[in-house]
Amino acid sequence: MAFYKKLDNGIRIVIYEMPEIMSVNIGIAVNTGGAFETDAEDGISHYIEHMMFKGTPTRDYLQISEAFDRIGSLSNAYTGKDTTMYYIKSTTEHVEETFDILADFFLNATFPEEEMEKEKSVVIEEIMRAEDDPDDVCQDLLDLATFGPRGYGRNVLGPEENVRGFTKENMRAYMARHYIPQNIVIAMAGNIDTDLAVRMVEKWFKDIPASPVASTGIDVSFQYGSLVRTKSEVKQAHVGICLPAFARNDPMIDAASLLNLILGGGLSSRIYTTVREKMALAYEVESYLVAFRETGVLVITGGFKAARYMDAIDAIFNCMHDLKKEIKPEEFSRAKEQFIASSIYNEESPHSMMTLYCKNLLISDRIYDPAKRIENIKKLTIDDLLAVADRIFVDSKASFALVGPFTEPIPKRA
């Protein structure tokens, strides 16, 4: 069972001891990302994430890297729609020193002007690389078709012109609103003593004043759109389909997880066996759930033969229609076993457990309990999944994205 503590200023700590291993994974997660930005700020969460590693009053960017390398620790970060995460992996022997480096740049980043200009070029290269990747383009286009240009529809990387114009003042103002104790979760998983872990966090974080700024949610308005991006050099049809689903705390989220496994979550799923194995229209095709605080979506993606992508789309919707009518006992049982196995594999991975504890506490304000979730999954029935299928598989609520040598978007379905 994980240990949980909330500091007086609102920072939440969760510790999961795994004494059988010799390392520790630590994450500092902030409830902010692309969805929280204004048009002028579009891309700033991601740029701040890059700049956090570029120096503090006591270490420049090279000294930060060398400090991690000297003790064999690994560091990284990512920015999503609603989460920015800074994380490290350390041997148990060096965990205190590793955490000191992480906490130092998280709390004391100075954003040197010369590093800001260099990192703008790096981020712009990342934007250009994403523009060259049809899968990335398709995902961004699908978000836009689903949610519109703001909130969860916003591109995390932002436009080049915004990145070029960001100033230190812009960054500080954004962080003052979002990098506040109430929006921060610190999670540790691995061979770490809980008392030591709490002391490490309190040393750096307990005296940070709580902010009067309240964390606000994201306005969600589904657009049910269909967009196309013409890329004549791309030979495949890269397709994205998105349907409204459930928020992270919705009581139907577990049933939706099992339904997704049956639809397109594995090699024996209906979409995979139909579109890839029987029709041979794709190398990769899959479905997955994304659960935010306010809402969620079911996403289906694939790269199909350009001349027959509509055949693949029709087959996918036929799979959904069939699932609304019947779920076979053997595939229902198989989905449960897949879920239970996945949960067990997560429990053996300190990085997976750290991430699960961070995300659940940050977005749903609940402590992740793998045993309880498996228990809930075991109680589900086929009727529960059929009820979810009725809610999700509504053709008229599908959004579409199409990338490739095409000029017309995918027709909307009635």
Inset, instruction - Evaluate the following for M18: is it open to solvent by 20 Å² or more (accessible area, probe 1.4 Å) and of a type outside the set (S, T, N, Q)? - result: no
Legend entry - Options L74, L62: the member that is aliphatic (A, V, I, L, M), free of Cβ contacts under 8 Å to residues at least 12 places away in the same chain and open to solvent by 30 Å² or more (accessible area, probe 1.4 Å): L62
Inset, instruction - Identify the residue in region 235-251 that is among the hydrophobic types (A, V, I, L, M, F, W, C) and crowded, with 19+ Cβ neighbours inside 10 Å and, among all such residues, is farthest from P405 (Cα to Cα). - result: F246
Legend entry - Residue in region 195-206 that is touching a Ser or Thr at 6+ places or on another chain (Cβ under 9 Å) and open to solvent by less than 60 Å² (accessible area, probe 1.4 Å) present: no
Inset, instruction - Give the number of residues within region 108-153 that are more than 20 Å from Y47 (Cβ to Cβ) and open to solvent by less than 30 Å² (accessible area, probe 1.4 Å). - result: 9
Legend entry - Tally, over region 123-174, of residues that are charged (D, E, K, R), within 13 Å of D39 (Cα to Cα) and assigned to a loop (DSSP other than H, G, I, E, B): 2
Legend entry - Within region 324-369, considering residues that are under 23 Å from Q182 (Cα atoms) and of a type in the set (D, E), the one modelled with the lowest pLDDT: D365
Inset, instruction - Check V137, V156, V213 and return the single one that is β-branched (V, I, T), out of contact with any His (no Cβ under 7 Å at 6 or more places or on another chain) and modelled with pLDDT of 95 or more. - result: V137
Inset, instruction - Could you check K325 against (1) touching a helix residue (DSSP H, G or I) at 6+ places or on another chain (Cβ under 8 Å); (2) open to solvent by 60 Å² or more (accessible area, probe 1.4 Å); (3) of a type in the set (K, R) and say which number it fails? - result: (1)
Inset, instruction - Could you please find all residues in region 279-329 being assigned to a loop (DSSP other than H, G, I, E, B) and not small (G, A, S)? - result: M279, L281, F292, R293, E294, T295, K305, E326, I327, K328
Inset, instruction - Give the number of residues within region 335-350 that are out of contact with any helix residue (DSSP H, G or I) (no Cβ under 8 Å at 6 or more places or on another chain) and either of a type in the set (A, V, I, L, M, F, W, C) or farther than 17 Å from L289 by Cβ (or both). - result: 6
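The values are calculated or read from the model by the stated rules, or taken from the named source; none is laboratory data. Computed from a predicted model, the values in this text were never measured in an experiment. Counting neighbours? That spans all protein chains shown, and the Cβs are built from the backbone with ideal geometry, glycine included. When the accessible area is computed, the model is the full protein with side chains, heavy atoms only, and any ligands, DNA or RNA have been set aside. Shrake-Rupley method; radii C 1.70, N 1.55, O 1.52, S 1.80 Å.
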